[in-house]
Amino acid sequence: MKPGHYIDANVFVYAALSRDAKGKSARKILARIRDGTLQGYTSITTTDEIMWAVQKESGREDALLAASSMLAITKLFILPVNFEVAQKALHVYRATNLRPRDSFHVAMMRVFDIPTLISEDKDFDKIEGIKRIGLT
């Protein structure tokens, strides 16, 4: 797998909803993935997270638009959840204070050997072997 960064759902949510510096930074990151200057990876489960967060703040139509926009980034590698990922996610969940979905993200990163994460979620800072890069 090519070196790159795992992209957390909140990057897509900030890109869709935020007009401040974090939103601008998120949109720049996604533009870099689109043009191939940044290699990005995420999980198919990120789609669900985007839809839930955007719907809560802005409604169903915006949720559909945000999730569709993620899926339209042809240079974004969307990784599948498999049995190995699920097993690792259970281990991460048991060993940390992460929420279930974040445990799956860490498991994805470990299974697919992606040590760097772009996220605003500081809970990832406590996870050994994960380097988090914030939006600002």
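The values are calculated or read from the model by the stated rules, or taken from the named source; none is laboratory data. No experiment lies behind these values; they were computed from the predicted model shown. Glycine gets a Cβ as well: all are built from the backbone with ideal geometry, and neighbour counts include every protein chain shown.
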**OP:** Can you confirm whether segment 49-63 contains a residue that is within 22 Å of F124 (Cα to Cα), surrounded by fewer than 16 Cβ atoms within 10 Å (Cβ to Cβ) and either more than 14 Å from the chain's Cα centre (by Cα) or not small (G, A, S) (or both)?
**Re:** yes
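State which residue is farthest from V13 (Cα to Cα) when the search covers only segment 66-80 and only residues that are of a type in the set (A, V, I, L, M, F, W, C) and exposed (fewer than 15 other Cβ atoms within 10 Å of the Cβ). I'd like the intermediate steps shown before the answer.
First, the residues of segment 66-80 that are of a type in the set (A, V, I, L, M, F, W, C): 66-67, 70-73, 76-79.
Retained after the next criterion (residues that are exposed (fewer than 15 other Cβ atoms within 10 Å of the Cβ)): 71-72.
Working: L71: 13, A72: 15 Å.
Ranking the qualifying residues of segment 66-80, first place goes to A72.
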Original post:
Is it the case that A26 is at pLDDT 95 or above, buried (at least 16 other Cβ atoms within 10 Å of the Cβ), over 16 Å from I7 (Cα atoms) and not acidic (D, E)?
Top reply: no
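For segment 14-29, which positions are free of Cβ contacts under 8 Å to residues at least 12 places away in the same chain, assigned to a helix (DSSP H, G or I) and among the basic types (K, R)?
Scanning segment 14-29 gives K24, K28.
Among the residues of segment 1-19, which ones are of a type in the set (D, E, K, R) and under 16 Å from F124 (Cβ atoms)? Let's see the steps before the verdict.
Taking segment 1-19 as the starting set, the residues that turn out to be of a type in the set (D, E, K, R) are 2, 8, 19.
Matches in segment 1-19: D8 only.
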Subject >> Positions within segment 93-136 being closer than 16 Å to F77 by Cα, surrounded by 12 or more Cβ atoms within 10 Å (Cβ to Cβ) and of a type in the set (D, E, K, R), in sequence order >> reply: R110
